[in-house]
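Worksheet for the structure shown next.
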Amino acid sequence: MNMDASLKKFRDRLRITIILYTFCVRSENDDNGYYGAFRTEIKIQALDFLLRYPDFLSIELMDLMDNDPTINRDEVKQIIKNIYQNKEPDIRVEEMEKFFHGAYESIDDVISFLVSVGFVTHDSKKRTDGKTYDKIYYITQECTNKIKNNLKGIPAVAWYFDRCKLIKKYFDKFSGTELKARQYMYAEYSNISYRSHIQNINDKVILAFTERFNHQLI
């Protein structure tokens with residue numbers, strides 16, 4: 001395995017672990033062996049997309065702000081300014097391909113790894129055609145202990161925790177299907193061909209930012 005492939009595998013495992021940990025619904029019983037449960041794979045994919053595309057996250061924040069008067073405009077403005085001042089759309093993007101139902105990347109290998117090290121167990125239902133659905137991922141106490149005692153102490157990993165916390169604040173109320181539908185609002189996402197990489201929308205973000213805040217983004 002070359003260095004790029006090895007690094008990608010590490011980042012994939014890291015992102016999915018932190019997503020499951022951050023967005024899971026906490027267990028009410030600490031004695032059942034798991035910290036919380038996360039439903040479904042569709043939501044994992046949709047949240048992972050927001051994590052991997054800071055430009056789409058920026059435009060989504062502005063759209064939420066436009067439609068929800070309770071959202072603090074100054075806070076959204078500062079979040080987006082920080083994203084672009086830190087050059088995240090250049091250095092943080094990890095491209096995803098467009099599949100039949102939007103941005104998608106198989107997480108089977110990641111989940112298999114997390115199961116093998118005791119971080120996750122999972123359950124699902126089967127349709128009459130044999131396909132699985134309604135996947136539920138259970139995050140173990142072992143996983144939580146490793147995160148609290150190890151991962152959270154690594155400065156290079158702090159960005160992932162902070163970003164997931166931000167995404168949770170604004171988007172946790174949406175189901176995976178709702179998040180996917182929101183992402184389809186943008187032609188740069190919905191109109192590209194099957195198996196093409198979803199490209200950035202920086203020009204759209206810069207224009208939208210100027211229109212809303214009467215201020216240049218970059």
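The values are calculated or read from the model by the stated rules, or taken from the named source; none is laboratory data. Computed from a predicted model, the values in this text were never measured in an experiment. Every residue, glycine among them, receives a Cβ derived from its backbone with ideal geometry; neighbour counts consider all protein chains shown.
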So residue 158, is it assigned to a helix (DSSP H, G or I) and without any contact (Cβ under 8 Å) to a residue 12 or more places away in the chain: yes
Lone unmet requirement of (1) within 15 Å of residue 60 (Cα to Cα); (2) part of a helix (DSSP H, G or I); (3) among the basic types (Lys, Arg) for residue 173: (2)
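For residue 81, indicate whether it is charged (D, E, K, R), closer than 19 Å to residue 167 by Cβ, at pLDDT 95 or above and in contact with a Phe, Trp or Tyr (Cβ under 6 Å, 6 or more places away or on another chain). It would help to see each step written out before you state the result.
Values: charged (D, E, K, R): yes; closer than 19 Å to residue 167 by Cβ: yes; at pLDDT 95 or above: yes; in contact with a Phe, Trp or Tyr (Cβ under 6 Å, 6 or more places away or on another chain): no.
Criteria not met by residue 81.
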Looking only at segment 22-45, and only at residues there that are in contact (Cβ under 8 Å) with a residue 60 or more places away in the chain and part of a strand (DSSP E or B), the one that is farthest from the chain's Cα centre (by Cα): 34
Selected residue [closer than 18 Å to residue 164 by Cα, surrounded by 13 or more Cβ atoms within 10 Å (Cβ to Cβ), modelled with pLDDT under 95 and basic (Lys, Arg)] from 52, 39, 26: 39
Selection count, segment 200-218, where residues are part of a loop (DSSP other than H, G, I, E, B) and touching a residue at least 24 places away in the same chain (Cβ under 8 Å): 5
Residues located in segment 72-87, provided they are surrounded by 16 or more Cβ atoms within 10 Å (Cβ to Cβ) and charged (D, E, K, R): 77, 81
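Matching residues to (1) among the basic types (Lys, Arg); (2) surrounded by fewer than 16 Cβ atoms within 10 Å (Cβ to Cβ):
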| position | (1), (2) |
| --- | --- |
| 167 | no, no |
| 175 | no, yes |
| 186 | no, no |
| 204 | yes, no |
| 213 | no, no |
Residue in segment 5-12 that is buried (at least 18 other Cβ atoms within 10 Å of the Cβ) and touching a strand residue (DSSP E or B) at 6+ places or on another chain (Cβ under 6 Å) present: no
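Would you kindly identify the helices (runs of 4 or more DSSP H) lying entirely within segment 73-129 that contain at least 1 residues that are closer than 30 Å to residue 214 by Cα and acidic (Asp, Glu)?
73-85, 88-91
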Segment 88-137, residues that are surrounded by 12 or more Cβ atoms within 10 Å (Cβ to Cβ), at pLDDT below 90 and basic (Lys, Arg): 98, 135
Residue list for segment 1-20, filter: under 30 Å from residue 188 (Cα atoms) and more than 12 Å from the chain's Cα centre (by Cα): 4, 5, 6, 7, 8, 9, 10, 11, 13
Residues being aliphatic (A, V, I, L, M) and surrounded by fewer than 17 Cβ atoms within 10 Å (Cβ to Cβ) - total across segment 188-202: 1
